[in-house]
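I have placed the structure first, in the form of structure tokens, so that the comments after it can refer back to it.
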Amino acid sequence: MTQSVTSTLRRVMTLGLTLAVFGGAGATVYAGFALIAAQGDAGAVAVAPVSTVEVLQIEIADSYRVTRRFTGQIEAAARIDLGFELGGRVTEMLVDEGDIVAKGVPLARLDTSALVPQRAALEAELAALVADAELAQLTLSRADALLESGFRSVAAQDDARLALARAQAGIAAAHARIAGVDVQIAKSVLTAPFAARIGARLADPGQTVAAGQNLLVLFDAGPAQARVGLPPDLAARLRVGQSVTLEIGGATHQARIRQIRPDLDPGTRSRSVVVTLPAGLGPVLGDTVALVLAQVVPEPGFWAPLSALREGARGSWSVMALDPVPDGARIVSAAVEVIHADGAQVYLRGQLPAGARIVAQAPDRVAPGQIVQLAAGPQG
């Protein structure tokens, strides 16, 4: 009996507790609805403002212009490594690096002290041979006279004639040896083959040099030239004498094409174009130069600011086109292909017709399907 009463009390307590929990929950829900209703009566919920975008009206073009720069190097019109044809001791170096010299000006001299007595000995030998020739001539004249009188034999006349011939041959040989010494003396003076600027001096007075050893590096003092490698198809469009634009040290200059080489550089597979620089420019030899060429590429498309692009999946690109609606314009994503980029501008190809409008600045808060307002001001 006692056990039954206890079990009944437990069921009554459980039921009461359950009813209390459900009652509390209901009161909480009712209070929440009351609070929301009170706030709704106090004021309306704020609506997000419509985004305003800048608009660009596209213009379809048949082609686009590309400015290409090709790097080259400034060089002299002529450059030679100059040295003596004969070896010897250098007695004078008459120029220094950076000097400008005229054609034929002496640049250096070799020691010729050994050649002076050699030439004097040859002159003395020549004088003796001249005397022998004179004696042989007199002997031959007397032999001819005696032969006519019958007092001299033919053999004696032949001996006199051959002695004269030997003396004359000796004179010719002596003249040749003297001329050879004179050539050696002349070649002991190094002269400028053209008007030049001294680039490097590789020897000093007192130094013994070998035949052909480089002593000086000479650059042509005339207008310098630039050598630029171009792709073969682009070089084929140029012609000798054509005016081109060069950039040197940040400044732009006009120059003319001097020569276009007919062969390809085996290392770069390019054709060398030689351009004569304007006179008085005074560039630094070996400095870099840029040849600027404008090329028109026949490709339909339109220009747009780089900020109008949005990157999609797998490297694809798109712009945000505008579809007019009563409340403004709806954003529509339009796929495009980037043909060329030039700084902050890109040349695009897509299915957009001429006169279509796109968002010039594509902020992240703007998405396809969104209604936007157009910014006031000129568009296009």
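Details
- Residue in region 200-209 that is surrounded by 14 or more Cβ atoms within 10 Å (Cβ to Cβ), more than 21 Å from the chain's Cα centre (by Cα) and at pLDDT below 90 present: no
- Residue check, Ser243 over 30 Å from Ala354 (Cα atoms), at pLDDT 90 or above, polar (S, T, N, Q) and buried (at least 17 other Cβ atoms within 10 Å of the Cβ): no
Matching residues to (1) within 39 Å of the chain's Cα centre (by Cα); (2) loosely packed, with under 12 Cβ neighbours inside 10 Å; (3) hydrophobic (A, V, I, L, M, F, W, C):
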{"site": "Pro305", "(1), (2), (3)": "yes, no, no"}
{"site": "Arg314", "(1), (2), (3)": "yes, yes, no"}
{"site": "Pro324", "(1), (2), (3)": "no, yes, no"}
{"site": "Asp342", "(1), (2), (3)": "yes, no, no"}
{"site": "Tyr347", "(1), (2), (3)": "yes, no, no"}
{"site": "Gly350", "(1), (2), (3)": "yes, no, no"}
{"site": "Ala356", "(1), (2), (3)": "no, no, yes"}
{"site": "Val366", "(1), (2), (3)": "no, no, yes"}
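- Residues in region 86-108 that are buried (at least 18 other Cβ atoms within 10 Å of the Cβ) and of a type outside the set (Gly, Ala, Ser): Val90, Met93, Val95, Val101, Leu107.
- Among the residues making up region 55-85, those that are of a type outside the set (Gly, Ala, Ser), closer than 13 Å to Leu215 by Cα and surrounded by 14 or more Cβ atoms within 10 Å (Cβ to Cβ) are Ile80, Asp81, Leu82, Phe84.
- Verdict on Leu238 being part of a loop (DSSP other than H, G, I, E, B), touching a Lys or Arg at 6+ places or on another chain (Cβ under 9 Å) and either under 16 Å from Thr71 (Cα atoms) or touching a residue at least 12 places away in the same chain (Cβ under 8 Å) (or both): no
- Among the candidates Gly301, Gly267, Gly286, the residue that is among the small types (Gly, Ala, Ser) and farther than 25 Å from Pro231 by Cα is uniquely Gly301.
- Taken over region 69-108, residues that are over 31 Å from the mean Cα position of the chain (by Cα) and either of a type in the set (Ser, Thr, Tyr) or on the phi > 0 side of the Ramachandran plot (or both) amount to 3.
- Considering the conditions (1) among the hydrophobic types (A, V, I, L, M, F, W, C); (2) free of Cβ contacts under 8 Å to residues at least 24 places away in the same chain; (3) under 27 Å from Ser63 (Cβ atoms), Ala313 is excluded by exactly one of them, (3).
- Counting the residues of region 109-132 that are within 48 Å of the chain's Cα centre (by Cα) and free of Cβ contacts under 8 Å to residues at least 60 places away in the same chain gives 0.
- Given (1) outside any helix (DSSP H, G or I); (2) more than 30 Å from Gly229 (Cβ to Cβ), index of the condition Leu138 fails: (1)
- Unmet requirement for Ala290, which otherwise passes all of (1) in contact with a Lys or Arg (Cβ under 6 Å, 6 or more places away or on another chain); (2) loosely packed, with under 13 Cβ neighbours inside 10 Å: (2)
- With respect to the stated conditions, Gly355 fails to be closer than 14 Å to Ile58 by Cα and in contact with a Phe, Trp or Tyr (Cβ under 6 Å, 6 or more places away or on another chain).
The values are calculated or read from the model by the stated rules, or taken from the named source; none is laboratory data. Just so you know, these numbers come straight off a predicted model, no measurement behind them. Every residue, glycine as well, gets a Cβ built from its backbone with ideal geometry; the counts of neighbours run over all protein chains shown.
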